[in-house]
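Step one of this worksheet: look at the structure below.
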Amino acid sequence: MKNSDWKATAELVGIAAIVVSLVFVGVQLSLYRNVSIVEARAGLTDRVLNLTEIINDNEDVWRRGLDNDELTPAEEALFVGLYNAVRSHMLTQWVRWTRIGPQDPDVSPQSFAYALYTHPGLRRIHEAVVTFRQNRQSAFESDVATGFGEFDVLVNNYLQELDQSMPEPNTQYIFW
């Protein structure tokens, strides 16, 4: 073989090696993404179980709070904590689905908005929290939303859609 033939053969082998390595990297990335999805689902399952246990341990306060019944100051503080736990769960779910899939990330803010729409006590706390955040933002003359403001914007947009298009809700106690 001539020197130029060896050179051409070496270049082809080099190109083939690069293509094979790129295919390998692509397969590895796909596998890592699948592992991330499984780990995210496992974490989500753990969060749901923990949240369910907390709500079940405080079922009376949770039910009365959802219905916007009168609560003692201690019960109100507990209900606000339960709201925060549910919001945190929904926010975490949205972040995971937005970043790694596999589910449509809009499901989480839509579900949370529907829960707010159907449970007046949950909505009352949500509106108080939103007002607090807006006032805090104004007090510090900041136009930057703190945390995951996009989630709250989505929730509030879906809630407005429900207010305009849905009849008055009549929902039994559920956990979404």
inquiry  = Please verify whether His126 is out of contact with any Ser or Thr (no Cβ under 8 Å at 6 or more places or on another chain) and either at positive phi or crowded, with 17+ Cβ neighbours inside 10 Å (or both), treating the condition exactly as stated.
reply    = yes
note = Within segment 121-163, of all residues that are part of a loop (DSSP other than H, G, I, E, B) and closer than 19 Å to Ser108 by Cα, the one modelled with the highest pLDDT is Phe148
query = Picking from Asp106, Asp67, which residue would you name as being in contact with a helix residue (DSSP H, G or I) (Cβ under 9 Å, 6 or more places away or on another chain) and under 30 Å from Tyr32 (Cβ atoms)?
reply = Asp106
ask   = If Gly65 satisfies every condition in (1) under 21 Å from Phe151 (Cβ atoms); (2) in contact with a Phe, Trp or Tyr (Cβ under 6 Å, 6 or more places away or on another chain); (3) assigned to a helix (DSSP H, G or I) but one, which is the exception?
value = (1)
query = Does segment 72-99 hold any residues that are of a type outside the set (D, E, K, R) and crowded, with 17+ Cβ neighbours inside 10 Å, and which are they?
reply = Leu78, Phe79, Leu82, Tyr83, Val86, His89, Met90, Leu91, Thr92, Gln93, Trp94, Trp97
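The values are calculated or read from the model by the stated rules, or taken from the named source; none is laboratory data. Since the structure is predicted, the reported quantities are computational estimates derived from the model, not experimental observations. Neighbour counts are summed over all protein chains in view; Cβ atoms, including those assigned to glycine, are modelled from backbone coordinates with ideal geometry.
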